[in-house]
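> My structure is below; once you've seen it, I'll send some questions.
The values are calculated or read from the model by the stated rules, or taken from the named source; none is laboratory data. Computed from a prediction, not measured in an experiment: that's the story for all the values here. Glycine also receives a Cβ, built like all others from the backbone with ideal geometry; neighbour counts cover every protein chain displayed.
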Amino acid sequence: MSRPSPARIAAALALLLAALPAAGQTVVRGRVISPDTLPRPEMRAFVRWRAAGDTLPRVDSAAVDSTGRFEVPVGAAGSDSIDLAVDAADVSARTHHPALVRFRSDSARREQAIILVPRRWRIPAGRYAGREVEISPGRARTAVCPGCGSFWLRVYGANGPMWFQSWRSSSFPLRIAFDREYSLPRGAAPDSATFWRITQAVEDAFGQDLFRPARYADVQPEDDDRDPNDVVLVLVDRDVRAAALTTVLSQGGVVEYGTMRLQRAGPLTNGPGWQLVGHELLHALGAGHTCEWRSVAADVLRCPEMRADEPTPEDVAYIQVLYRVRDVQRATGARWGLDAALEGERVLGRGRAW
């Protein structure tokens, strides 16, 4: 076998050196992941940063390749943070919301993995199968009042925001057990036959098996000091101030346990009873309130005119997008998803380019 000539070795070495970042240069690397089967248009990644001594930010960009990866070489960052945007090269061809994130410059060498959020969602099954719903992260995160929650709920920790709240998809169908032991009065429980007819109506809207009955004794942990996992306990609590109250316990944005407290064990067969349980079941799935669209989870005190008797197409689509993005994040370890789309829509939405 003949050895390569010195000229060929020198040429190969020159190519290798050209591919390496120059001294003091940072290369922002990333990966774009689609959570759906929509064809992705040609996309670009834009990096905005400041070099030492700059008064105005600089912007560099690079194409996102067919595998979803990109590299943007930038000079040595003189600022504490770097802004990264991923968007369609032609903003009129957007199929997904633009993503916009900010990270510390000292973490720029880590791969920035981003889950795209679709602008429209086609409901795959159930009562609304085939229906397309426009998705706006901003609407899903609009609080029903100052200081109140929104439909997509985010868990906040000691070090700031963590993750959007959802169960693991492997937890479905969620176990639901009637807790008569801690009901007030003790032993009380709602009409189980009607309760399960309502859960069936919710499942029919989603086209998914979301809930299943469980015996209370079977969901209790062996350690009395621990809460049960992957279960929603339903109990009657005459001391609860509202007609019903559902709370969930989550760790790092992963819901592990929920309780649904009904103020009375009266009949659920009338319209308000169906609305009440359907409303609480959406809370059990991890959703909050909204006044942005007609919803079974509408805030009855602040926008009663938006209240629906059962889950609407918007309820189904927004919950399915929430779970789809969170599932892909957990599977891939991607840091950015709904939060990046929320900021991208706010800053770059309505056809604006960066």
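> Name the residue that is surrounded by the most Cβ atoms within 10 Å (Cβ to Cβ), counting only residues in the stretch 284-314 that are among the basic types (Lys, Arg) and part of a loop (DSSP other than H, G, I, E, B).
If we take residues in the stretch 284-314 being among the basic types (Lys, Arg) and part of a loop (DSSP other than H, G, I, E, B), then ARG294 is surrounded by the most Cβ atoms within 10 Å (Cβ to Cβ).
> Ok, one more. If we scan the stretch 160-173, do we find a residue that is closer than 30 Å to ARG50 by Cα and charged (D, E, K, R)?
No: the stretch 160-173 contains no residue that is closer than 30 Å to ARG50 by Cα and charged (D, E, K, R).
> On to the next question. Just the residues that are of a type outside the set (S, T, N, Q), under 25 Å from VAL133 (Cα atoms) and out of contact with any helix residue (DSSP H, G or I) (no Cβ under 7 Å at 6 or more places or on another chain), please, taken from the stretch 89-107.
Within the stretch 89-107, ALA89, ASP90, VAL91, ALA93, ARG94, HIS96 qualify.
> Can you tell which of SER81, SER105, SER150, SER92 is exposed (fewer than 14 other Cβ atoms within 10 Å of the Cβ), small (Gly, Ala, Ser) and farther than 24 Å from GLY207 by Cβ?
SER92
For every residue, the table says whether it meets (1) touching a strand residue (DSSP E or B) at 6+ places or on another chain (Cβ under 7 Å); (2) farther than 27 Å from PRO124 by Cα.
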site: ARG302; (1), (2): no, yes
site: MET306; (1), (2): yes, no
site: PRO311; (1), (2): no, no
site: ARG326; (1), (2): yes, no
site: GLN329; (1), (2): yes, no
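> Okay, next question. ARG110 is checked against (1) in a loop (DSSP other than H, G, I, E, B); (2) within 15 Å of the chain's Cα centre (by Cα) and fails just one. What number does that condition carry?
(2)
> Still on this structure, please answer the following. Search the stretch 179-205 for residues being of a type in the set (A, V, I, L, M) and closer than 17 Å to ALA284 by Cβ, and hand back the single one that is modelled with the lowest pLDDT.
Per the stated criteria, the residue is ALA189.
> Please pick out the residue among ARG131, ARG175, ARG141 that is basic (Lys, Arg), in contact with a Lys or Arg (Cβ under 7 Å, 6 or more places away or on another chain) and at pLDDT 95 or above.
Answer to the selection: ARG175.
> Here's something else I'd like to know. Show the residue pairs that are 6+ apart or on different chains and have beta-carbon atoms under 7 Å apart, the first residue being within the stretch 260-283 and crowded, with 19+ Cβ neighbours inside 10 Å, the second being modelled with pLDDT under 90 and not in a loop (DSSP other than H, G, I, E, B).
Hits for this filter: LEU268/THR194; LEU268/TRP274.
> With the structure loaded, tell me whether ALA334 is touching a strand residue (DSSP E or B) at 6+ places or on another chain (Cβ under 9 Å), hydrophobic (A, V, I, L, M, F, W, C), buried (at least 17 other Cβ atoms within 10 Å of the Cβ) and not in a helix (DSSP H, G or I) or whether it fails that test.
yes
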